[in-house]
Structure formats: C-alpha cells, structure tokens
Amino acid sequence: MIRLKGRLRSALIIGLQGIRARKLRTLLSIMSLFLGVLAVVVVQAASETARRAALGETELTMGKDGTLQMYVPTEGKALETALDTVKDRPDVVATTDMSAIIGEPKVTPINRGGMPFAAVAEGQGGPRLTRPDGGEFICGPRGCYPIGQKESSLPETPGQAIELRLSAMTGDVRQFKPFRQQSGQWLDFASAASLAPRIVLNKEAAKFFGTYAVPAEMRISGATANMTPQILGVVDDGIGEPRAYVRMDELQNWLPAEQLRQGGTGLQLLMEPHATDVMQILKTRLAASGLEFAQQLRAEPVDSRERVADQLALIRWVFLGMAGLVLLIGVAGILNVGLATVGERVEEFALRRAVGTSRSLLAGIVLAETLLTGLLTAGAAIGTGMLALNYVGRYLGKVHPVLATTEFPWQAGVAGVVAGLIAGLLGGLIPALRAARIPIATVMRA
Amino acid sequence: MIPLVRLSGITKSLQGNQILTGVDLTVHSGEAIAVLGRSGSGKSTLLSLIGLFDRPDGGSYLLGERNITRLPERRAAALRSAEFGFVFQRFFLLKHLTAAQNVAMALVNGQGWLPRRKRRAKVMAALDRVGIAHLAKHRPPRLSGGEQQRVAIARALVREPRMLLADEPTGALDTETGNLVIDVLHEATKEGCGLVLVTHDWEHANRMDRVLRLSEGQLGEAR
Ligand SMILES: Nc1ncnc2c1ncn2[C@@H]1O[C@H](COP(=O)(O)OP(=O)(O)OP(=O)(O)O)[C@@H](O)[C@H]1O
Ligand SMILES: [Mg+2]
C-alpha cells in the first residue's frame with residue numbers, strides 16, 4: 001500500500017515535471033484533444049439538459065418518478081371511505097376531475113366540451129364530420145358533439161362562459177407534480193376552508209380569461225347553487241386543455257358527496273413511494289364494507305424517468321459516437337507526439353531506469369504525462385462548456401423559458417473528465433510501453 | 001571480511017561477439033579500483049554487468065553474500081537504487097530540471113518514499129559533499145562541465161550507495177577539473193564505499209588502491 005502510494009506520487013510528480021518542462025508540447029497535445037473532449041462535454045450537457053427538460057414536462061403531467069398512483073372507483077361508499085382514509089395523510093393526495101362551466105349563466109360555453117383555446121380561436125374547434133344520416137358533428141379533444149341537435153336546454157349561440165375540467169384535491173398535488181407557478185398564488189391547504197371556493201387556473205384556461213370577459217360564476221351540475229370562485233393564480237401544469245384546481249373540502253361545501261360521485265371521474269390517489277400502508281388500510285376498509293373490487297386495487301409506480309430515458313438514449317449514443325470519433329483524431333495527435341518524444345527522451349528514460357526506476361513506474365510516468373494532459377484538456381473543455389451554457393441560458397432563455405434555468409449538468413463534467421482520461425490512456429499507452437523497453441546498457445555506454 | 005562484490009568467471013557476448021570471456025573481480029568496501037583497457041575491450045560492458053543494467057551469460061556474481069547472477073528485473077531496479085551509484089563520461093543530466101532536482105531524481109524513483117523535507121536535506125547534503133551546494137537552483141545548461149559532473153556525482157551519492165561505478169568520468173573534462181572529480185570520488189571511498197573507475201588516464205588510475213587491465217575479455221593486474 002505504502003509502496004503503491006509512493007509509486008503513484010512519484011509518477012505524478014515526475015509526470016508533472018515533464019509537462020512543465022515541455023509546455024509547448026503540452027499545449028499542442030491539449031489543442032489536438034480539445035475539440036474531441038469538448039464535443040463529448042457538449043453532447044452530454046445538451047442531452048442531459050434535454051433529459052431534464054423532458055423529465056420536468058413528464059413529471060408535470062405524470063408525476064415524479066416512483067410516485068405510486070391508484071384509481072378507486074366511486075361505487076357504493078368507496079369515495080367517502082377513501083377520502084376519510086387519506087384525510088390527515090400528508091404523503092397521500094386524492095384528486096377527482098369533473099366538468100365545470102365558469103361565466104354567464106344559461107349560455108353555451110365558448111369552448112363547448114372543454115376545447116383548447118387554439119381550437120376555439122381557429123373558429124369551429126375540430127373538424128366537422130358528417131354522419132351517414134346527415135347529422136353533423138364537431139370534434140374537439142374531449143369528443144364529438146352534434147351540431148344542430150337540441151341535446152340540452154342551452155341555447156345554440158355561445159355566450160360568455162368557458163368550460164373546463166375542475167380538479168379537486170385533498171392536499172397539495174405539487175409534491176408529486178411540480179407545477180410551475182405562472183402568476184398569483186397556489187392553493188393554500190393550511191388555512192381553513194373558505195366558503196367561496198378558491199381556484200387556480202392552468203395556462204390554457206388563463207388564455208380564455210385573458211381574452212374573454214367572463215363573469216366569475218361557476219356551475220357544476222348537481223351543485224347546490226352556483227358558486228363565485230376566487231381565482232388565486234395561474235400555473236403551468238403541462239396540460240393543453242383548460243383546467244382549474246380547487247381544494248376538495250371547499251368544493252364539498254357546494255357539492256354533496258352524492259354528486260361528486262356521479263359527476264367525477266373516480267378518485268385518483270397519488271402516494272409517496274413509502275406510503276403503501278394507506279393502500280392496505282383502504283383495501284381492508286373497502287373490503288369490510290362489502291366492495292368486491294377492493295382486492296383488485298393496485299398501486300402502480302410512475303416510471304417517468306424510464307420513459308424519458310428510453311426516448312433520449314439512442315440520440316445520445318449517436319452523438320456521443322460522433323464526438324468519440326473527433327476524440328480519436330485527437331488521440332492520434334498526442335500518440336504521434338508521444339511516440340516522437342520517446343525517441344527524443346531515450347537517454348532520460350535509460351537514466352531513470354539506471355537510478356532504480358522500475359519498468360512499470362517508468363511506463364507510469366509516461367502515462368501520467370498524457371493522463372494529466374487529458375485532465376488539463378478536460379478542464380479547458382468543461383470551462384468552455386460552462387461558459388457556452390451560461391451564454392445560451394442568458395440569451396436563448398429570453399426566447400425559450402425552458403432554456404433559462406439550464407445549469408451545467410454534473411454528468412457533462414464527469415463525461416469530460418472520463419473522455420480526457422481515456423484519451424490520455426490511449427495516447428500514452430504505446431509510448432509508455434516503448435519507454436519501458438529501452439535497454440539501459442546500450443544507452444548508458446560511454 | 002566478506003567482500004562487497006565478487007565476480008568469478010563472468011562471460012558476456014553481445015550479438016555473437018564474445019566480449020568478456022571469464023572475468024574475476026573482488027571489491028571490498030572502501031576499496032578503489034581502476035580498470036584500464038583499449039577502446040572496445042569491454043570496460044563499459046563490465047560496468048553494466050556490475051551495475052545490473054544487464055545480466056552475464058555465465059559465471060557468478062555475489063553482492064555481499066547474496067547471489068545475484070540471475071536477478072529478475074524488478075529486484076535489479078531496487079538494487080540499483082539502493083546499492084549502486086553511477087557516473088558516466090556524458091553526465092546524463094536532465095536539462096529541464098535544476099541541479100537539486102537532478103539529484104533528487106535518484107530519490108523519487110518509486111523505491112521508498114521520503115517526505116519532502118528529508119529529501120531536501122539529503123539532496124543538499126549530497127550537493128555539499130561535492131562542493132556545489134550554492135548551485136542547487138541552477139539548471140545544467142548554466143553549469144560548467146566540471147560542475148555538471150559534480151551534480152552527477154551528487155546524484156550517485158545521494159542514496160549513500162555501497163558501490164560507485166564510474167565510466168570515464170573525466171573523459172569530457174580538462175585535466176584540472178578531472179583531478180577534482182577524481183578527488184571527490186576518492187573521498188567517497190573513505191566512508192566505506194567501493195569504487196570501480198574506468199579510465200584512460202594513468203595518473204588517475206595510479207591514485208586508486210588497485211589498477212587492473214581488461215584485455216582479451218579478462219581482467220589482470222596492470223602494475
Ligand atoms: N549493443 C551492442 N551490441 C553488439 N555489440 C556491442 C554492443 N555494445 C557494445 N558492443 C561491442 O562490445 C565491445 C565492447 O564495448 P564497450 O563499450 O564495453 O567497450 P569499452 O571498453 O567501454 O570501450 P570505450 O573505451 O571506447 O568506451 C565493442 O566491440 C562494441 O562494439
Ligand atoms: Mg566504454
């Protein structure tokens with residue numbers, strides 16, 4: 001151990017001496033390696049940044065990697081039981097979605113069926129379809145709707161109202177889906193429930209409110225009365241259709257459980273990975289109340305990381321392969337310099353052997369020189385990469401907000417160091433072996 | 001007393017040429033031996049065998065009581081570092097290192113590790129011993145031939161070897177500087193170091209304890 005440490009230190013000290021003694025040679029070696037290492041750093045930084053951005057988007061809609069999700073049907077008293085079970089559990093959030101209309105009473109919403117803003121702005125939403133019997137349909141993201149057929153008592157002409165999906169939640173869903181706050185505030189789960197439900201819009205819904213003067217009156221079928229919601233703010237939830245978020249308890253002030261069960265889509269539970277006990281308790285309670293589906297309930301982990309990795313892995317390897325090729329050209333450069341200098345340094349190597357340096361240490365010294373050169377190159381390339389990324393973040397961030405928060409990914413730094421070391425190893429190995437084979441007796445003959 | 005080095009019947013051929021045909025040599029500690037011989041007679045070849053740069057074809061080589069005739073290279077490197085000091089006609093100093101770093105080279109070779117402070121002390125002591133401590137920070141190109149050779153001798157002495165091997169160390173120096181270098185080498189033997197000096201200079205040879213001549217591949221008394 002002590003011997004190995006001594007040899008390592010000797011190799012590093014002597015290697016450093018060699019580098020300092022041949023500054024020009026070192027500089028040329030660094031230049032020949034620089035582009036290759038930089039390419040590796042940039043590819044790694046770009047793909048890692050892209051991966052983080054994609055992961056961020058995926059997490060917005062699907063939830064953070066490892067989050068457990070479970071669907072509970074609303075049969076029987078299942079809804080009440082589930083809500084009661086997750087009550088006071090900070091590591092579990094139950095959500096349910098329903099359709100809601102905000103705006104003038106008794107008018108058809110501008111975006112019937114909860115169509116996105118762009119579809120409405122284009123005119124008639126989706127494509128028109130004609131049925132063989134002559135009836136016409138408009139198709140939006142939530143399905144197709146007959147035109148000219150009196151399906152409800154609402155008048156045909158749209159009024160100042162918009163339709164959206166309302167998500168009611170028992171706790172802060174952002175611990176699982178990191179929504180980005182765009183303006184105003186997020187729901188406050190700590191305070192007492194307010195009688196006027198407080199809602200937060202998503203970006204898509206906010207577009208409607210920005211364009212149309214919609215009175216703040218909210219209708220949900222089955223509600224005891226129309227409510228006057230208080231809009232707290234806007235979040236980016238990564239969803240392309242209008243949505244609003246509300247506290248479950250504030251909504252329940254207006255909506256009896258019976259209606260929640262009928263109008264909602266069932267209950268989605270999002271749980272911290274360790275919160276499996278909740279699932280057990282819930283199953284037991286549901287089974288006890290005679291619900292047969294209880295045993296089939298299952299929590300699925302969210303695999304956002306894996307999904308994103310799959311999408312990007314191939315592209316990353318293709319680009320890394322190209323960067324590796326550039327790196328190889330650089331390796332050929334330092335190999336060339338290295339082999340040339342072995343010839344030049346025959347006497348030095350023979351002398352070192354004469355004073356007791358072993359063959360392996362001598363090879364180590366030569367390798368240490370190229371490895372240190374590789375590390376210096378990695379340092380230069382990483383520094384350049386950081387500056388470049390900083391620049392990109394500062395200037396392109398104004399155009400694409402996703403790019404604004406790009407910090408230098410540590411993976412790119414590691415990749416740069418590894419690339420530098422591999423290049424140093426490849427470029428130094430053959431010269432090192434040659435140096436170790438120099439016969440002392442022949443050189444040191446007066 | 002056990003001799004430091006005992007060679008008997010050493011043979012060596014290089015690329016089919018029989019250079020040494022049966023060399024017998026005994027060196028005691030503190031003993032200085034001069035080896036004379038025509039150019040091409042094999043003096044450097046002999047030194048390279050004693051100094052473990054190379055191995056003999058036949059015969060036996062004892063270092064103290066240890067038979068090192070067929071020593072594997074790894075052990076040989078350790079022995080070169082611990083037991084031998086070398087001085088050559090060409091000084092073989094590294095141009096990019098200072099005098100002190102050139103001397104330290106014999107310490108920083110993977111054979112045992114000395115803390116920086118101890119290393120410095122040893123280097124300065126060795127430079128002092130050859131009288132050029134004040135030139136420690138100079139690089140070889142700024143030193144005279146005699147000074148460079150003394151740096152080389154300090155490098156040979158810094159490990160406190162038991163055996164000094166000098167191959168025409170004065171060959172590149174004028175008479176006066178040459179005498180000085182021989183003085184320094186001879187001084188080392190007073191502290192118990194063995195010395196084998198290859199030289200063409202009779203005067204230098206005569207200052208040694210014994211003078212031998214290498215001819216026809218064998219060593220014989222020259223006086
Ligand atoms: N690597 C080698 N391969 C073949 N022959 C060699 C080799 N090295 C030396 N010789 C030959 O061995 C003989 C002895 O060489 P050596 O260098 O030992 O002589 P020397 O006595 O030191 O001569 P000088 O006084 O000129 O230094 C010479 O004839 C030389 O040509
Ligand atoms: Mg010779």
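The values are calculated or read from the model by the stated rules, or taken from the named source; none is laboratory data. Here the structure is a predicted model, which is why all the values come from computation and not from measurement. Every residue, glycine among them, receives a Cβ derived from its backbone with ideal geometry; neighbour counts consider all protein chains shown. Note: areas computed on protein heavy atoms with side chains; ligands, DNA, RNA excluded. Shrake-Rupley method; radii C 1.70, N 1.55, O 1.52, S 1.80 Å.
Taken together, A:216, A:287 contain a single residue that is farther than 20 Å from residue A:80 by Cα and among the small types (Gly, Ala, Ser), which is A:216. Residues that are more than 9 Å from ligand 2 (Cβ to nearest atom) and either over 16 Å from residue B:218 (Cβ atoms) or open to solvent by less than 20 Å² (accessible area, probe 1.4 Å) (or both) within segment B:47-61 comprise B:48, B:49, B:50, B:51, B:52, B:53, B:54, B:55, B:56, B:58, B:61, listed in sequence order. Looking across segment A:375-391 at every residue that is farther than 15 Å from residue A:422 by Cα and among the hydroxyl-bearing types (Ser, Thr, Tyr), the one that is nearest to the chain's Cα centre (by Cα) is identified as A:391.
The number of residues in segment A:66-101 that are outside the structural domain of residue A:272 (by TED's automatic domain parsing) and under 25 Å from the mean Cα position of the chain (by Cα) comes to 6. Listed by first and then second residue, the pairs with beta-carbon distance under 9 Å, at least 6 apart or on different chains, first residue in segment B:40-64 and within 14 Å of ligand 1 (Cβ to nearest atom), second assigned to a loop (DSSP other than H, G, I, E, B) and of a type in the set (Asp, Glu), are B:41/B:216; B:43/B:168; B:44/B:168; B:45/B:54; B:48/B:54. Scanning segment B:105-124 for residues that are among the small types (Gly, Ala, Ser) and farther than 30 Å from residue B:57 by Cβ, we see that the one that is farthest from the other protein chains (Cβ to nearest Cβ) is B:121. Considering each residue of segment A:437-444 in turn, at least one proves to be out of contact with any helix residue (DSSP H, G or I) (no Cβ under 6 Å at 6 or more places or on another chain), more than 16 Å from ligand 2 (Cβ to nearest atom) and of a type in the set (D, E, K, R). Within segment A:273-298, the residues that satisfy the criterion of being small (Gly, Ala, Ser) and at pLDDT below 85 are A:275, A:289, A:290, A:294. On the stretch given as segment B:19-39, residues that are open to solvent by 60 Å² or more (accessible area, probe 1.4 Å) and more than 13 Å from ligand 1 (Cβ to nearest atom) total 2.
Taken over segment A:35-58, the criterion of being crowded, with 19+ Cβ neighbours inside 10 Å, modelled with pLDDT of 85 or more and not small (Gly, Ala, Ser) is satisfied by A:37, A:38, A:40, A:41, A:42, A:43, A:44. Here the helices (runs of 4 or more DSSP H) wholly within segment A:1-106 that include at least 2 residues being within 14 Å of chain B (Cβ to nearest Cβ) are A:2-21, A:23-62.
For segment B:107-115, does any single residue satisfy the condition of being more than 16 Å from ligand 2 (Cβ to nearest atom) and open to solvent by 50 Å² or more (accessible area, probe 1.4 Å)? The answer is yes, given that some residue of segment B:107-115 is more than 16 Å from ligand 2 (Cβ to nearest atom) and open to solvent by 50 Å² or more (accessible area, probe 1.4 Å). Where strands (runs of 3 or more DSSP E) fall wholly inside segment A:141-186, the ranges with 2 or more residues that are modelled with pLDDT under 60 are A:143-147. Test residue A:332 against the criterion of being open to solvent by 50 Å² or more (accessible area, probe 1.4 Å) and on the phi < 0 side of the Ramachandran plot, and give yes or no. Criteria met by residue A:332.
Are any residues in segment A:197-223 open to solvent by 40 Å² or more (accessible area, probe 1.4 Å) and assigned to a loop (DSSP other than H, G, I, E, B), and if so, which ones? Selection gives A:212, A:213, A:215, A:216, A:217, A:221.
Restricted to helices (runs of 4 or more DSSP H) entirely inside segment A:331-445, those with at least 3 residues that are farther than 23 Å from residue A:33 by Cβ are A:346-354, A:359-396, A:401-404, A:440-443.
Residue B:39 passes every criterion in (1) facing chain A (nearest Cβ under 7 Å); (2) within 13 Å of ligand 2 (Cβ to nearest atom); (3) polar (S, T, N, Q) apart from (1). Determine if segment B:129-150 includes at least one residue that is under 17 Å from the mean Cα position of the chain (by Cα), of a type in the set (A, V, I, L, M, F, W, C) and away from chain A (no Cβ under 14 Å). Checking segment B:129-150: at least one residue is under 17 Å from the mean Cα position of the chain (by Cα), of a type in the set (A, V, I, L, M, F, W, C) and away from chain A (no Cβ under 14 Å).
Considering segment B:80-104, the residues that are buried (at least 18 other Cβ atoms within 10 Å of the Cβ), within 17 Å of residue B:164 (Cβ to Cβ) and facing another protein chain (nearest Cβ under 8 Å) include one that is farthest from ligand 1 (Cβ to nearest atom), namely B:81. Quick check, is residue B:76 away from ligand 1 (no atom under 14 Å from the Cβ) and within 30 Å of residue A:16 (Cα to Cα)? Yes.
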